[in-house]
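One structure is given here, and the rest of the page talks about it.
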């Protein structure tokens, strides 16, 4: 089983709609969680860290479910500029690297 | 620009040639990471340094790959006898953490895109 799994999509979202997707991780010892945004042929850039209590940054909301071992990202009021691939990244205690999923490709349609 | 910088940005080479990529991390960062990303995949960990010490290498890092960070500042990643399967984006990232701290946010460079013909 892969360390981090994401459904690559694409997720075609009408402009103004809400889209949500999950990322599952296999190691219960995982302790740091992030969502990165990656535009086509560019480097990943941090979108937001994911905290145990969940957190929100403008139109973006991230949640962590430790019992079921997944994190989620919700984008409200989608903008055309939200079109990108959203990568989930997970770090484990004592393992000094982040493991990434394949990413969720989001295409916001006018 | 004080971010992570990588050079070259693009490299086209013939199978069997050697290539070297350079990464200059953010200046105060003590950790430096190399990842590889192919189309449709997420970044895959290759190796990381804590200052000048290479502390972990992935099994993806075959004998043809070698990475160095001689003075704990910039790093190089060399691929010898390149194969077509080496074609990928090679991403460098850095952050600043103690040895016992688990990985936090990574700051990525723009990557070095390798095409092996």
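Coordinate-derived values only; no laboratory data. These figures come from a predicted structure and were not determined experimentally. Heads up, the Cβs are rebuilt from the backbone with ideal geometry, glycines too, and the neighbour counts pull from every protein chain shown.
Points to keep in mind about this one:
- Spin-label proximity, residue A:5 to region A:21-41 - amide N less than 15 Å from point 7 Å beyond Cα toward beta carbon: A:22-28
- Computed from label points 7 Å out along Cα-Cβ, the spacing between residue A:20 and residue A:49 is 2.4 nm.
- Note on chain A: Rg/Rh from C-alpha atoms, Kirkwood Rh, equals 0.96.
- Normalising the average separation of contacting C-alpha pairs (under 8 angstrom, six or more residues apart) by the number of residues puts the relative contact order of chain B at 36 percent.
- When the convex hull of its Cα atoms is projected in every direction, mean area for region B:1-55 (nm²): 5.2
- The value given for region A:2-44 is a Kirkwood hydrodynamic radius of 13.0 Å, derived from the mean inverse Cα-Cα separation.
- Mean sequence separation of contacting Cα pairs (under 8 Å, at least six apart), scaled by the length of chain A, corresponds to a relative contact order of 38 percent.
- Where only alpha carbons of the protein assembly as shown are counted, the Rg and the Dmax (Å): 17.7, 51
- Peptide B:32-39 is shielded by partner chain Cβ atoms: per residue, an average of 2 of them sit within 10 Å of its Cβ.
- Rounded FRET efficiency, nearest 0.05, which uses the C-beta distance separating residue B:73 from residue B:13 and R0 of 22 Å: 0.25
- Hull-based mean projected area of region B:16-97, where the convex hull spans the alpha carbons, in square nanometres: 5.3
- Per-residue shielding of A:41-49, expressed as the average number of other chain Cβ atoms within 10 Å of the residue Cβ, stands at 5.
- The peptide list B:23-36, A:70-83, A:45-58, put in order of mean Cβ contacts within 10 Å with the highest first, becomes B:23-36, A:70-83, A:45-58.
- The relative contact order of region A:63-106, computed from alpha carbon pairs under 8 Å that lie at least 6 residues apart in sequence, is 31 percent.
- Residue B:63-residue A:40 FRET efficiency (beta carbon distance; Förster radius 41 Å; 0.05 resolution): 0.80
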